[in-house]
Ligand SMILES: [Zn+2]
Ligand SMILES: [Zn+2]
């Protein structure tokens, strides 16, 4: 057995904290956005996402390099968060993600707004074409059936 498809889709581990870094208590409560609260001492522990988010809150517009150096989270991991749209680069900040189609700078995801719209329109067209082809096949199917019953083509006049 090879690697199952679903295993490829598992999100990267953001190094969820298991023990409180302040008091060592081991039953942290996830409170959202990468933050885990210690019920014993109230300390907020952060996973990679929380660390990056926290840093960017205080240093808006920081580059991935600077963020990675300051938080200790790998550049690859930060880029993954941006691709997953878990993080977004603020308007006017130095951008480093590029649209996969046209290369325009983007804040998150894979495509710029223009290319995302074009891709969506192309997708819709493709689906419409497939539907039309399906209808054509049905029509062919009917005429073939008519031909088969009495051996000759006949025309319906009613
Ligand atoms: Zn604690
Ligand atoms: Zn684009």
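What follows is calculated from the coordinates using simple rules that are stated; it is not laboratory data. Note that the structure is a prediction, hence the values are computed from the model and not measured. For neighbour counting, all protein chains shown are included, and Cβ atoms are generated from backbone atoms with ideal geometry for every residue, glycine included.
Using 7 Å Cα-to-Cβ label points, what is the residue 122/residue 57 separation (nm, one decimal)?
Computed distance between label sites residue 122 and residue 57 equals 4.0 nm.
Between residue 113 and residue 101, 0.36 nm times their residue separation minus their Cα-Cα distance comes to what?
So the chain would gain 3.2 nm between residue 113 and residue 101.
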